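Each value in this text was obtained by applying a stated rule to the coordinates, not by laboratory testing. Predicted model, so just to flag it, every value in this text is computed and none were measured. We place every Cβ from the backbone using ideal geometry, glycine too, and count neighbours over all the protein chains shown.
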Amino acid sequence: MWLFRRKGPSGFGYSNTAEDVTHGIDGTGLTAIVTGASSGIGSETARVLAMRGVHVVMGVRNVAAGNDVKETILKESSSAKVDVMELDLSSTASVRKFASEFKSSDLPLNLLINNAGVMACPFMLSHDNIEMQFATNHLGHFLLTELLLDTMKSTAQESSVEGRIVNISSEGHRFAYKEGIRFDKINDQSEYNQIWAYGQSKLANILHANELTRRLKEDGVQITANSLHPGSIMTNLLRHHSIIGGLSSTIGRLVLKNVQQGASTTCYVALHPDVKGVSGEYFMDNNVSTPNSQAQDTELAKKLWDFTMNLIQQ
């Protein structure tokens, strides 16, 4: 599998792990929020960031599972700083409660890693009556980012350390609905397609990071926003597809990344000094990559921003 061993311009590639790409980096003094940190690449991201000295706040739907991950991290490194807070991205009320409690803690915020997600689930509505994949993968993270942005701005200004926002997207953005974002049919069950709806939400993650970059640059703020594809990974995102999940468990060791490799691009974009000042980019295998044309559409990004702002203000 020589192809997977190739390195990109960054010096890293497909097969590198999160520990590889953060080797020698000292994150002491930084605080990060990692959503969906109770399993999969989220828990590995939290573990490696904590290993590098970052104070990690795990935003999780299942607090008991989150505490198990925290205990595992502390067993590995007793000096690690890890907190667990309840966060359900499919509920705007939960997002607002999480943001309020975080701000009340008076912690700084250097890194916001929008990792949590659902994949290709059957049609269902969120707590706020929005299609579940769009609500969880995009809307919840958009609202969380908006609510915590002032905290990030203050932290960046007071510490003179660049803030970084990282949206976990997917190559699945290439398989969105033909029009990209179905603004007038977000909740249309009759034309719902599990894969295309997932692609739509992942396309939204990239567009969000790109438009956020434009706005942050206009404001002259020392915060970057990027998106990335973590790789095809054996995680519980496949739980809604027994056939695909079964195939993954048998041949996955040959063709899919493990969790340690899957978290690498997230940790690279969040911590590596070579990414300083880089914003509005799409990363894959620890290197800058190129998303599809819809993901680069500035007008679509602005339209999505306005559409999402309207949803969170309702």
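For segment 2-307, relative contact order (Cα pairs under 8 Å, six or more residues apart, normalised by length) works out to 21 percent. Put simply, the amide H of residue 120, placed in the peptide plane, has neighbours under 5 Å in 198, leaving out anything fewer than 5 places away on its chain. Loop-resident trypsin sites (Lys or Arg not before Pro) (DSSP state other than H, G, I, E or B) in segment 269-314 with no more than 12 further Cβ atoms inside 10 Å of their Cβ: 276. When the charge dipole of the chain is built from unit charges on Cβ atoms (+1 for Lys and Arg, -1 for Asp and Glu) and taken about the Cα centre, the candidate among 152, 18, 109 whose Cα reaches farthest toward its positive end is 18.
May I ask you to compute the full-extension gain from residue 86 to residue 293, defined as 0.36 nm times their residue separation minus their alpha-carbon distance, rounded to one decimal in nm? Don't skip to the answer; put the middle values down first.
Working: separation 207, 0.36 × 207 = 74.52 nm, distance 3.62 nm.
That pair, residue 86 and residue 293, stretches by 70.9 nm at full extension.
Exactly which chymotrypsin sites (Phe, Trp or Tyr not before Pro) in segment 137-225 are in a DSSP loop and have at most 14 other Cβ atoms within 10 Å?
Passing both the DSSP loop test and the Cβ count: 183.
Sites listed here are trypsin sites (Lys or Arg not before Pro) in segment 84-181 whose DSSP assignment is loop and whose Cβ has at most 12 other Cβ atoms within 10 Å: 178.
In whole Å, how far is the Cα centre of segment 272-314 from that of segment 193-227? Centre-to-centre distance over Cα atoms comes out at 3 Å. Two numbers describe the Cα atoms of segment 64-147: Rg and Dmax, which are 14.6, 43 Å. Candidate cross-link partners of residue 302 among the aspartates and glutamates, defined by an alpha-carbon separation under 19 Å and a same-chain spacing of 8 or more, comprise 146, 179, 184, 211, 218, 219, 281. Multiplying the residue separation of residue 219 and residue 65 by 0.36 nm and removing their Cα-Cα distance gives an extension gain of 51.6 nm.
From the alpha carbon centroid of segment 33-52 to that of segment 78-156 is 14 Å. The HN-Hα couplings worked out from phi for segment 307-314 by the Karplus form 6.51 cos²θ - 1.76 cosθ + 1.60 (θ = phi - 60°) are 4, 5, 4, 5, 5, 6, 8, 6 Hz, whole numbers, x standing for Gly and Pro. If you take the alpha carbon atoms of segment 2-307 and fit the smallest convex hull around them, that volume is 129 Å³ per residue.
Charge tally around residue 161: other residues with Cβ under 13 Å, Lys/Arg +1 each, Asp/Glu -1 each, net 0.
Put simply, the amide H of residue 57, placed in the peptide plane, has neighbours under 5 Å in 32, 33, 34, 83, leaving out anything fewer than 5 places away on its chain. Dipole check for the chain: with +1 at the C-beta of Lys and Arg, -1 at the C-beta of Asp and Glu, and the Cα centre as origin, the magnitude is about 640 Debye.
Ellipticity at 222 nm from helices only: DSSP H runs of n ≥ 4 in the chain, each -39500 (n - 2.57), divided by the residue count, give -13000 deg cm²/dmol.
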